[in-house]
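Here's the structure we're looking at; comments come further down.
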Amino acid sequence: MKPYWLDEAAPELAADHRGGPVDVAIVGAGITGCACALALTDAGLRVRVVDARRVAEGASGRNGGFALRGTAAPYDQVVGALGRERALALWQWTEGELRALAEVGGDAFRRLGSLRLAADGEEREDLRDEIEALWADGLEADWIDAPTGPLSGRFTAAIRHPTDAALQPARLVRGLATRAAAAGTEIVEGRWVGDRSELEAETVVVATDGYPSGLLGELEGLIIPTRGQVIATEPLAERLFESPHYGRHGFDYWHQTEDGRIVAGGFRDVSLGREFTAEEALTDDVQHALSAFVNELAGRELRVDYRWAGIFGLVLDFLPVVGEVPGLPGTWVAGGYSGHGNVLGFACGRLIARAILGDRDPLLDLFEPSRLLG
């Protein structure tokens, strides 16, 4: 079925199909590719974006619609892995990129905060560890000792992250593409690229996250394709959830859209091994678990109007993969967001554009692609 986010009509893009060589070619017209293209075009470069589908029809139109600060790992774990100084710089960078995303997102961006929920006592202790680390470094967060309403009795505690937001992700990315095209980016939809030479550019950016591209040399497959399945219910008259929610270490996530639908995703752990795939197929067991979950949350059976799957790129250290591809001079990669691509994808698209323009951020040392080669 078509994802709920892609049911809106796509805007017509300004036509600019001059062909011939360009300064930078970008493979992937999702949030990373469109953010990168806009930044490079605004800087005066000639840019072409190529996608086998249309704008936002990959992961950018197939996710749960969350915009969260940080990375897929909790803050205290990142502090343990990177040290406080680098962890804090990373978190503050994502908070700044959330503010930038709000500026370009328009009505596709709703800053509502988010709730990270504890499903049991062990996860409650994990949340305490994270919020103590957040508070120690001056990062804003609120402790909720006993969630109420439909959360009561199901979850033992929560952290509220006030920086976070809900998105209509396809609308947001299509808006970025519209701006980029108006600025002069050439956007070519419905074209599969099988070889780098087809791109007619000295500099190439591969921005397909978990979708295989065949363009990454030794890195191919090391950003692990992982399937996420999502549903959207019928519209509900009552407002049950004011912000994005996620629990069980991110295996469950949901929020309520402006028109009242509950969008819920996750439950990969129902059949975890089978979800490491680039196939966008739905599976009965995960879909049944999602339907049962929203029915429990609402206290009644809900009609499911949309079911879909998308592919994200998982990296075992939960840090993005951003930089030049080892052994392929002039080829750059930005991906590996481990399910946090709405913010990290936007941020890393802009980060890689700056690097191509000669402004290399120290964050790229953390995101160095060669680390995947061991």
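The values are calculated or read from the model by the stated rules, or taken from the named source; none is laboratory data. A quick note: this is a predicted structure, and the numbers were derived from the prediction, not measured. Glycine gets a Cβ as well: all are built from the backbone with ideal geometry, and neighbour counts include every protein chain shown. For accessibility, only protein heavy atoms count, side chains too; no ligands or nucleic acids. Shrake-Rupley method; radii C 1.70, N 1.55, O 1.52, S 1.80 Å.
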Calculate the spin-label point distance for D259 paired with R18, positioning each point 7 Å from the Cα along the beta-carbon direction, and give it in nanometres. 4.0 nm
What percent of all Cα-Cα pairs in region 186-286 falls in each 10 Å bin, counting up from 0? 12, 30, 27, 22, 8, 1
Starting from the Cα of E242, step 7 Å toward the Cβ, then list every residue of region 109-148 with an amide N under 17 Å from that point. 110-117, 141-148
Given all pairs of distinct Cα atoms, region 283-329 yields a Kirkwood Rh in Å of 14.5 Å
Size of the dipole of region 226-374 about the Cα centre, Lys and Arg at +1 and Asp and Glu at -1 on the beta carbon, nothing else charged, in debye to 20? 180 debye
Among 102-109, 17-24, how do they line up from the highest to the lowest mean number of other beta-carbon atoms within 10 Å? 102-109, 17-24
Could you tell me which of rounded, prolate or oblate describes region 326-374, using a ≥ b ≥ c as the square roots of the eigenvalues of the alpha-carbon gyration tensor, with rounded for a/c under 1.5 and, failing that, prolate when a/b is larger than b/c and oblate otherwise? oblate
Around V79: net Lys/Arg minus Asp/Glu count, Cβ-Cβ under 12 Å: -4
Determine, from the Cβ-Cβ distance of R128 and D365 and an R0 of 41 Å, the FRET efficiency 1/(1 + (r/R0)^6), rounded to the nearest 0.05. 0.85
Residue-normalised value, i.e. accessible area per residue, for the chain at 1.4 Å probe, in Å², stands at 39 Å²
Past the 22 angstrom mark, what percentage of all C-alpha to C-alpha distances in region 278-374 do you count? 47 percent
Translational D (Stokes-Einstein, µm²/s) of region 151-218 at 20 °C and 1.002 mPa s when Rh comes from the Kirkwood sum over C-alpha pairs? 130 µm²/s
Calc'd 3J(HN,Hα), region 211-227, phi into Karplus 6.51 cos²θ - 1.76 cosθ + 1.60 (θ = phi - 60°), Hz, glycine/Pro = x, comes to 6, x, 10, x, 10, 10, x, 5, 7, 4, x, 7, 8, 7, x, 9, 8
The convex hull of the Cα atoms of region 46-197, divided by residue count, gives a volume in Å³ per residue of 163 Å³
Mind giving me the FRET efficiency for R99 and R300? R0 is 35 Å, r the Cβ-Cβ distance, nearest 0.05 is fine. 0.35
Whenever you get a sec, compute what percent of the accessible area on the chain sits on carbon and sulfur atoms (1.4 Å probe). 50 percent
Zone of D137 (label point 7 Å along Cα→Cβ, backbone N under 17 Å): which residues in region 45-84? 68-84
Please give the peptides 268-275, 342-349, 191-198, 128-135 ranked by average Cβ packing (other Cβ atoms within 10 Å per residue), highest first, as a rough proxy for protection. 342-349, 128-135, 268-275, 191-198
Which residues among region 209-232 fall inside the zone where the amide N is under 16 Å from a point 7 Å beyond the Cα of R53, along Cα→Cβ? 209-213, 225-232
So how far apart, in nm, are the two label points at V188 and E218 if each is 7 Å from Cα heading toward Cβ? 3.0 nm
Expressed in square angstrom to the nearest 10, the accessible area of Y4 with a 1.4 Å probe stands at 40 Å²
